[in-house]
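Here the structure is laid out as structure tokens; the discussion comes afterwards.
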Amino acid sequence: MNIAVIYSSKTGNTRKVAEAIHASLPDGTALHDVANAPESTNYDLVFMGFWVDKGTANLEAQEYMKQLNGQRIALFATLGAYPDSDHAKQCLTSVADFVSTCTVADSFICQGAIDPKLIEWMKTLPADDPHGPNDDRRKLWADAESHPDETDLANAINWASGVLDLAKEPQA
Ligand SMILES: Cc1cc2nc3c(=O)[nH]c(=O)nc-3n(C[C@H](O)[C@H](O)[C@H](O)COP(=O)(O)O)c2cc1C
């Protein structure tokens with residue numbers, strides 16, 4: 001089985017998750033940034049990683065996902081919000097349209113530190129703005145700062161191992 005881990009990452013969070021997943025997968029598994037990833041037709045199973053940009057996958061990841069055709073894929077992502085939030089669930093759901101020809105085996109999402117420049121900008125917004133500073137949001141930004149952490153990476157590896165086991169089972 002030809003397997004690839006393809007990811008897009010602006011500030012390194014998703015790359016960390018991608019590298020941890022890749023290191024746990026069988027020898028010969030490819031690892032590529034979307035910016036220089038080869039055609040997806042080479043692969044039977046694609047672990048596709050993106051960072052959440054305004055509620056959905058970042059554009060570069062979207063572009064790669066749209067040219068996937070019929071493969072089995074597993075989605076992983078990082079975002080600033082809490083991974084068990086409705087927002088996180090919606091972000092994963094929103095990606096379905098970009099991979100409509102594929103079988104999505106499973107998905108994984110964890111928090112990732114938010115670019116400090118973005119936080120500085122959000123601090124300048126009125127407190128009642130949807131992204132403006134309030135106690136909950138300041139806590140969220142601070143909580144995100146240490147992610148992805150060792151637990152996130154261990155969870156990602158565990159998740160990838162389950163995806164791989166499923167992919168090895170005979171297809172119905
Ligand atoms: C322009 C921009 C938009 C973002 N939009 C969201 C968002 O809609 N929801 C969210 O939870 N996090 C959002 N984030 C936070 C990132 O998804 C998060 O920090 C992610 O871990 C960045 O991944 P990377 O380091 O791989 O680039 C945004 C960050 C940036 C810079």
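The values are calculated or read from the model by the stated rules, or taken from the named source; none is laboratory data. This is a predicted model, so every value here is computed, not measured. All Cβ positions, even for glycine, are placed from backbone atoms using ideal geometry, and neighbour counts span all protein chains on display.
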For residues in the range 101-135 being within 19 Å of Phe76 (Cβ to Cβ) and among the small types (Gly, Ala, Ser), which is nearest to the ligand (Cβ to nearest atom)?
Gly112
Find the residue count for the range 119-147, including only residues that are under 19 Å from Arg15 (Cα atoms) and of a type outside the set (Asp, Glu).
3
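Let's see how each residue does on (1) over 30 Å from Ala37 (Cα atoms); (2) of a type outside the set (A, V, I, L, M); (3) at pLDDT 95 or above:
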position: Leu75; (1), (2), (3): no, no, yes
position: Val95; (1), (2), (3): no, no, yes
position: Cys102; (1), (2), (3): no, yes, no
position: Gly112; (1), (2), (3): no, yes, yes
position: Met122; (1), (2), (3): yes, no, yes
position: Ala154; (1), (2), (3): no, no, yes
position: Asn158; (1), (2), (3): no, yes, yes
position: Pro170; (1), (2), (3): no, yes, no
Of the numbered conditions (1) away from the ligand (no atom under 16 Å from the Cβ); (2) touching a helix residue (DSSP H, G or I) at 6+ places or on another chain (Cβ under 7 Å); (3) at pLDDT 95 or above, Gln71 satisfies every one except a single condition; which is it?
(3)
On the basis of being out of contact with any helix residue (DSSP H, G or I) (no Cβ under 7 Å at 6 or more places or on another chain), of a type in the set (Val, Ile, Thr) and closer than 15 Å to Cys102 by Cα, does Thr11 make the cut?
no
Taking interchain pairs and intrachain pairs at least six residues apart, which have beta carbon atoms under 9 angstrom, with the first residue in the range 122-146 and in contact (Cβ under 8 Å) with a residue 40 or more places away in the chain and the second of a type in the set (Phe, Trp, Tyr)?
Leu140/Tyr82; Asp143/Tyr82; Ala144/Tyr82
For the range 3-46, name all the residues that are within 11 Å of the ligand (Cβ to nearest atom) and either under 17 Å from Gln62 (Cβ atoms) or not assigned by TED's automatic domain parsing to the domain that holds Ala61 (or both).
Tyr7, Ser8, Ser9, Lys10, Thr14, Ala18, Asp33
Residue check, Leu164 aliphatic (A, V, I, L, M) and either exposed (fewer than 13 other Cβ atoms within 10 Å of the Cβ) or more than 18 Å from Val52 (Cα to Cα) (or both)
yes
Based on what the data block shows, is Ile114 more than 14 Å from Asn13 (Cα to Cα) and surrounded by 19 or more Cβ atoms within 10 Å (Cβ to Cβ)?
no
Residue count, the range 132-141 (criterion: surrounded by fewer than 12 Cβ atoms within 10 Å (Cβ to Cβ) and either of a type outside the set (Lys, Arg) or outside any helix (DSSP H, G or I) (or both))
3
